[in-house]
Structure formats: structure tokens, C-alpha cells
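Below is the structure I would like to discuss, written out as C-alpha cells.
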Amino acid sequence: MKLNGHTLSGRADEAVALLRALANPHRLLILCRLAEGERPVGELAAEIGCREAVVSQHLALLRHDGLVAGRREGKTIHYRLASPAAAAVLEAVRTRFCLETGDGREPLVSPRKDP
């Protein structure tokens, strides 16, 4: 695969915003769940093991960036993945990190240990 630096330069900010959203473990898990289908906040919170308030804060950021959208049903908002670009990147993440291949691949990068 060859990246076109000239073409990317016009959309680098957009790419960085998407990658920044995916760089947070909670947001990555939220987006992965939403890639599987629409979910309300409470269900997302239970699935990723996080408080609803925290999930709501992350969803607000993701919504602001145009990565998710919500549909109100009574008092409940059901969220869904709204970005084809995010869906494509999540599929690449799923292929690389979520499929059990048993091939013993080494990680692409080592997780950074914060002091």
C-alpha cells in the first residue's frame, strides 16, 4: 500500500482527528461496539465496563467529530457509527487485533507506559 502525501496533505487534519478519537481506549471500545450495531449509553457502559457518565462524555466528543450519531427513542438515545472512514479503520483494527489467527504475530507497537 502506498500513501499519497500530496493528497493526504489536504486532509491531514481530518485523518488526525479520526486517529485521535481512536487513540483513547474507551473511545476505541465504544466505536468497536457501535460498528456491530446501534446501542444506548447504558448498554455501551455495561459492555466496556465504564460508568454511563464517562461513556456519555466520550460519545459527546465522538458526536462532535461526526463519528457517531444518535437517535432518540423516548428518554433513551441510541447511538450508531456515522463515519464510513471510522468504519474502515475499525475493520482494519478488527482484522489485525481481534481475529484469532494463532500465527504468533508480534504487536505492531509496544503499549507506552506512562510514568
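FYI, it's all coordinate maths here, none of it is from the lab. Since the model is a prediction, treat every value here as computed from it, not as a measurement. Don't worry about glycine lacking a Cβ; one is built from the backbone with ideal geometry, like all the others, and counts go over all protein chains shown.
Once amide H atoms are placed 1.01 Å from N in the peptide plane, what residues at a sequence separation of 5 or more from residue 82, or on another chain, have their amide H within under 5 Å of its amide H?
Those qualifying (amide H under 5 Å, at least 5 residues apart or on another chain) are 68, 69.
When a/c is below 1.5 the answer is rounded, else prolate if a/b is larger than b/c, else oblate, so apply that to region 30-77 with a ≥ b ≥ c taken from the square roots of the Cα gyration tensor eigenvalues. Intermediate results must be reported in sequence, preceding the final value.
Numbers: a/c = 1.22, a/b = 1.08, b/c = 1.13.
Rounded.
Among 61-70, 82-91, how do they line up by average Cβ neighbours within 10 Å per residue, starting with the highest?
61-70, 82-91
To continue, here is another question. Determine, from the Cβ-Cβ distance of residue 97 and residue 72 and an R0 of 25 Å, the FRET efficiency 1/(1 + (r/R0)^6), rounded to the nearest 0.05.
0.15
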